[in-house]
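The values are calculated or read from the model by the stated rules, or taken from the named source; none is laboratory data. Fair warning: this is a prediction, and the values are worked out from it, not measured in the lab. Reconstructed Cβ throughout: ideal geometry from the backbone, glycine too, with neighbour counts over all protein chains shown.
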Ligand code: M6R
């Protein structure tokens, strides 16, 4: 939440700062602002609302400066307004700071600073840091990095801070605690940013900053120290994403582009996962066969859409590997004394790798002695760096706030883990594993087939645009799909959407059905367990009460009572979510467009939830 950028170099700083903020806007869009160091004074411009408002304000004639900081905000303390927008400035008007995270002890700091004569002009937690840094910089004879080291010692919470001072405009200083900050290494220019997307147009060389490390950049130098001032040797890496991955590439929205990228994302995540001797290759887990055989229980921790991938992990791992799996909402996990022992493996699933709730749950599990494997899409982000091992999904950058391709690749990752464990512990034999793996390889083509026939669904969706409630029903592995369909619709269409397990319908939710209520049913794959027949009864029950029923069903399934049937290709029951999710993404996308909502940046949301 909140996007941060700092720049030092030879360009007119406004250009790379605004370009970076465009790439970071998905992290928050309540306000945007910049501060530039211009000949002994600061130029600050900030505006409530989207970045476009700031850009218009800067159109007049932005001053020429070669360094600066920029921020795009997701509001926590203080509403979205011009005066609460970052950067925040000290009373001398010379020091500016931007912030991502929460300063938990801001009110006591504020009282202390006010008693020392500082006056405040916002309701934010961040402004306290501007005043604190200002005092500390004076104590350190103008050394902003030393001031930052001391300031951090006085702060509680999770934060990334970046600051600049007008008297030394060639220097930008940053620090991180529990929130992300990366350094971009350019040619005669350097960057600080919340993620690499901010500077990928300028450089592919990056350094990930560690916990409680302070960085000081100039156009030609990067110095990293710990809070004691000791130098830290930076670990440089090459960014594998191409700049074009962060462009819309002809699509009207990033979300639509990312939906259409799913066949490739799934295929990429599967590359090289079966050896010539038919073994699932998951060296990424860094677990020996003995360690895998010693797993007694698996706990998945995740939030939002990633939590739904976790639910699918439960079905797949329990079915194939015969190991009990718990799925936990990460924000609840550490507050209820979970039972963790040496036989517990934790799977932490996160697209961004920065979700604070998941990170805190991971830390709790590690501190209790569990081994943690992350499933993550963002290289070198905090969750994989703190986990014992990581299986990277290969979805590429996901820019739209609503998660699509990341989810499908998370599903693939959990299937691979389930198959690997099942093969090692003998729950499945090599032939069974190979057959299932071959079914996984079929999925990209099947997703492509759904996407090629999606136009009628888009038209159909528009006919539901005025509805203010949509219900989703699933059973078994279709249940997390129903939850995901509802979550997508809530966040994009801003309407009441709920997912239910079909069997729960008569225990309460059926009271919601009224004449014309749309109900989307994920029909289970026909199987000897008769689950599909039970769901067909649910269809009749809701139809009898006036619902408009849309059914997502595999080709060939016989259905009565549906107003519309959306066909998906045939696949094994446990793999059906990869296919059934796609029409629901398209449904939510089209609803948002039809209702005139901002698809890529839905209201009140941010891509990475970096506060608890
Ligand atoms: O980056 P993460 O996967 O940890 O994010 C978890 C959730 O915040 C995320 O999936 C959220 O629910 C999405 N906006 C849903 O589309």
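So the values come out like this:
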quantity	calculated
Filter result for residue 249 (loosely packed, with under 13 Cβ neighbours inside 10 Å and closer than 25 Å to residue 399 by Cβ)	yes
Unmet criterion (only one of (1) under 20 Å from residue 267 (Cα atoms); (2) more than 16 Å from the ligand (Cβ to nearest atom); (3) in contact with a strand residue (DSSP E or B) (Cβ under 6 Å, 6 or more places away or on another chain)) for residue 440	(3)
Filter result for residue 222 (in the same structural domain as residue 101 (by TED's automatic domain parsing), under 23 Å from residue 146 (Cβ atoms) and touching a helix residue (DSSP H, G or I) at 6+ places or on another chain (Cβ under 8 Å))	no
Some residue of the stretch 268-277 being assigned to a helix (DSSP H, G or I), within 16 Å of the ligand (Cβ to nearest atom), under 26 Å from the mean Cα position of the chain (by Cα) and touching a residue at least 24 places away in the same chain (Cβ under 8 Å)	yes
Failed criterion for residue 377 (all others in (1) within 11 Å of the ligand (Cβ to nearest atom); (2) farther than 16 Å from residue 265 by Cβ hold)	(2)
Any hit, the stretch 380-390, residues being assigned to a loop (DSSP other than H, G, I, E, B), more than 15 Å from the ligand (Cβ to nearest atom) and not assigned by TED's automatic domain parsing to the domain that holds residue 488	yes
Filter result for the condition that a residue is surrounded by fewer than 21 Cβ atoms within 10 Å (Cβ to Cβ) and in contact with a strand residue (DSSP E or B) (Cβ under 6 Å, 6 or more places away or on another chain), over 541, 528, 555	555
Conditions (1) more than 21 Å from residue 383 (Cα to Cα); (2) within 21 Å of the chain's Cα centre (by Cα); (3) surrounded by fewer than 18 Cβ atoms within 10 Å (Cβ to Cβ); number of the one not met by residue 318	(2)
Sole exception among (1) in contact (Cβ under 8 Å) with a residue 40 or more places away in the chain; (2) within 14 Å of the ligand (Cβ to nearest atom) for residue 328, by number	(1)
Residue selected from the stretch 95-118 under the condition out of contact with any helix residue (DSSP H, G or I) (no Cβ under 8 Å at 6 or more places or on another chain) and in a loop (DSSP other than H, G, I, E, B), by the criterion farthest from residue 145 (Cα to Cα)	117
Those residues of the stretch 403-426 which are outside any helix (DSSP H, G or I) and under 21 Å from residue 327 (Cβ atoms), in sequence order	403, 404
Any chance residue 397 is assigned to a helix (DSSP H, G or I), at pLDDT below 95, within 13 Å of the ligand (Cβ to nearest atom) and under 30 Å from residue 182 (Cβ atoms)	no
Residue match in the stretch 347-354 (condition: within 16 Å of the ligand (Cβ to nearest atom) and closer than 16 Å to residue 297 by Cβ)	yes
Residue 333 being more than 20 Å from the chain's Cα centre (by Cα) and either more than 26 Å from residue 280 (Cα to Cα) or at pLDDT 95 or above (or both)	no
Among the candidates 161, 209, residue that is crowded, with 19+ Cβ neighbours inside 10 Å and either in contact (Cβ under 8 Å) with a residue 60 or more places away in the chain or over 30 Å from residue 400 (Cα atoms) (or both)	161
Residue match in the stretch 226-233 (condition: surrounded by 18 or more Cβ atoms within 10 Å (Cβ to Cβ), outside any helix (DSSP H, G or I) and in contact with a strand residue (DSSP E or B) (Cβ under 6 Å, 6 or more places away or on another chain))	no
Residue that is nearest to the chain's Cα centre (by Cα) [pool: residues in the stretch 164-181 that are more than 19 Å from residue 127 (Cα to Cα) and crowded, with 24+ Cβ neighbours inside 10 Å]	180
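One line per residue, one yes/no per condition, for (1) modelled with pLDDT under 95; (2) in the same structural domain as residue 234 (by TED's automatic domain parsing); (3) within 16 Å of the ligand (Cβ to nearest atom); (4) crowded, with 24+ Cβ neighbours inside 10 Å:
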{"site": "402", "(1), (2), (3), (4)": "no, no, yes, yes"}
{"site": "412", "(1), (2), (3), (4)": "no, no, yes, yes"}
{"site": "433", "(1), (2), (3), (4)": "no, no, no, no"}
{"site": "466", "(1), (2), (3), (4)": "yes, no, no, no"}
